[in-house]
Amino acid sequence: MKAEDFTAWRKTMGFNRVQCAEALGLSRNMPKRYEDGDAEIPLYIALACASITHKLPPAGDKREGTPKVYRILVSLPNDLDRFFMDTLIEDAVDEHDALAKQLRRTSNHGGSQQSHPVQNVRVVRD
């Protein structure tokens with residue numbers, strides 16, 4: 001996710017920077033740092049933005065249903081057929097559960113050391 005994409009996302013959501021920080025669990029100054037290009041936007045923040053965009057409930061909510069396997073695909077800008085993330089999430093009951101599990105996995109490992117501009121995040125049933 002690039003700085004201008006993050007800014008566009010925040011404005012599309014109708015968040016000021018403080019509301020954005022609260023929604024993403026960031027310190028109050030991080031949205032400005034992301035928007036100004038002073039800090040790279042980690043993959044888990046891009047995934048959290050996708051989760052908020054699709055109005056998914058917070059991770060950890062009790063989800064009911066038959067566990068399935070989901071695939072999370074994150075593509076590069078201007079190349080929707082090339083992915084820098086192609087991950088299988090097993091035992092997820094729906095798309096939200098799959099995305100939440102990946103967010104927990106990514107944030108528990110300190111996020112990606114390498115920053116990538118994110119074009120598209122897809123969660124599909126495998």
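The values are calculated or read from the model by the stated rules, or taken from the named source; none is laboratory data. As the structure is a prediction and not an experimental result, all values here were calculated from the model. In this analysis, Cβ positions are derived from the backbone assuming ideal geometry, glycine residues included, and neighbour counts consider all displayed protein chains.
Taking the residues in the range 21-56 that are within 16 Å of Lys2 (Cα to Cα) and of a type in the set (D, E, K, R) as candidates, determine which candidate is nearest to the chain's Cα centre (by Cα). Give the derivation first.
Residues of the range 21-56 that are within 16 Å of Lys2 (Cα to Cα), as a first pass: 30-50.
Next, only the ones that are of a type in the set (D, E, K, R) stay: 32-33, 35-36, 38, 40.
Numbers: Lys32: 18, Arg33: 18, Glu35: 16, Asp36: 20, Asp38: 20, Glu40: 14 Å.
Restricting to residues being within 16 Å of Lys2 (Cα to Cα) and of a type in the set (D, E, K, R), the top hit is Glu40.
Pairs please, first residue from the range 91-119 and over 17 Å from Ile52 (Cβ atoms), second anywhere and modelled with pLDDT under 75 and in a helix (DSSP H, G or I), Cβ atoms under 8 Å, 6+ apart in sequence or on different chains.
Taking only residues 6 or more apart or on different chains, the pairs are Ser112/Thr106.
Pairs, please: C-beta under 7 Å, at least 6 apart or cross-chain, first residue without any contact (Cβ under 8 Å) to a residue 24 or more places away in the chain and of a type outside the set (Phe, Trp, Tyr) and in the range 12-26, second part of a helix (DSSP H, G or I) and surrounded by 11 or more Cβ atoms within 10 Å (Cβ to Cβ)?
Arg17/Pro31; Arg17/Lys32; Cys20/Arg10; Cys20/Pro31; Ala21/Met30; Ala21/Pro31
Considering only the range 48-76, how many residues are closer than 26 Å to Gly25 by Cα, at pLDDT below 80 and either touching a His at 6+ places or on another chain (Cβ under 6 Å) or assigned to a loop (DSSP other than H, G, I, E, B) (or both)?
Result for the range 48-76: 10.
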